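Following: one structure in structure tokens, then a few remarks.
The values are calculated or read from the model by the stated rules, or taken from the named source; none is laboratory data. Just so we're clear, the structure is a prediction, and the values are computed from it rather than from any experiment. Using ideal geometry, Cβ is built from the backbone for each residue, glycine included, and neighbour counts are taken over all protein chains shown.
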Amino acid sequence: MTISLAVPDILVARAKSGDLEALEALYRAFETPVYNLALRVLRRPEDAEDVLQDTFLEVVRSIKQYRGEGHLWGWIRQIATSKALMRIRQDRVRETEELHEESAVGAGNVGGAGEMRGTEGMSPGAVPAQIDLERAFERLSETSRAVVWLHDVEGYTHEEIAEQMGKTVSFSKSQLARAHVRLRRMLDEGVAR
């Protein structure tokens with residue numbers, strides 16, 4: 001079943017004029033796809049909820065600047081993507097600061113930067129026998145997962161991804177290529193066992 005993401009022009013016009021009922025209708029029309037996009041990129045429901053709220057705060061603040069070029073969903077999706085990528089950057093900064101604080105205090109075993117979440121206790125290279133694409137996708141780094149999702153599912157170009165992430169086009173392409181290789185390897189290992 002496909003959900004229509006088209007909304008009447010009159011609803012957009014009312015929202016642009018500050019009509020609260022129209023703004024609420026836009027929220028209701030787009031809350032599920034925004035949440036799903038954020039959840040796919042960030043993997044944590046609480047982060048997806050935050051991105052959903054941040055996205056619609058931005059929509060309310062900026063709806064007057066929406067020029068009506070293209071679909072409204074494209075404009076809202078761009079905002080949601082930007083908010084999700086900002087969340088990844090904030091998490092990285094926070095993790096880096098925490099590592100620096102812990103190492104300054106002389107903390108013992110702090111997981112290395114290359115350690116994957118959710119793999120504690122697994123031997124290196126171990127892949128559960130019943131691995132599927134979803135679980136393999138979860139094992140990618142946040143950056144790789146975001147690039148794969150934005151490119152392969154959302155249809156963003158490498159140029160758009162690079163602009164959103166503040167990186168180069170070659171960064172986007174290399175992240176995608178490495179992620180595809182890693183996904184294939186994880187899936188092949190899961191099937192072979």
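Structure notes:
- Residue match in the range 10-17 (condition: surrounded by 12 or more Cβ atoms within 10 Å (Cβ to Cβ) and either of a type in the set (Gly, Ala, Ser) or not in a helix (DSSP H, G or I) (or both)): yes
- Any hit, the range 149-159, residues being surrounded by fewer than 18 Cβ atoms within 10 Å (Cβ to Cβ), of a type in the set (D, E, K, R) and at pLDDT 85 or above: yes
- Any hit, the range 169-185, residues being out of contact with any Pro (no Cβ under 7 Å at 6 or more places or on another chain), loosely packed, with under 14 Cβ neighbours inside 10 Å, part of a loop (DSSP other than H, G, I, E, B) and outside the structural domain of residue 40 (by TED's automatic domain parsing): no
- Filtered residue count, the range 24-76, keeping only those that are surrounded by fewer than 18 Cβ atoms within 10 Å (Cβ to Cβ) and touching a residue at least 40 places away in the same chain (Cβ under 8 Å): 7
- Some residue of the range 67-79 being at pLDDT 95 or above, of a type in the set (Phe, Trp, Tyr) and outside the structural domain of residue 165 (by TED's automatic domain parsing): no
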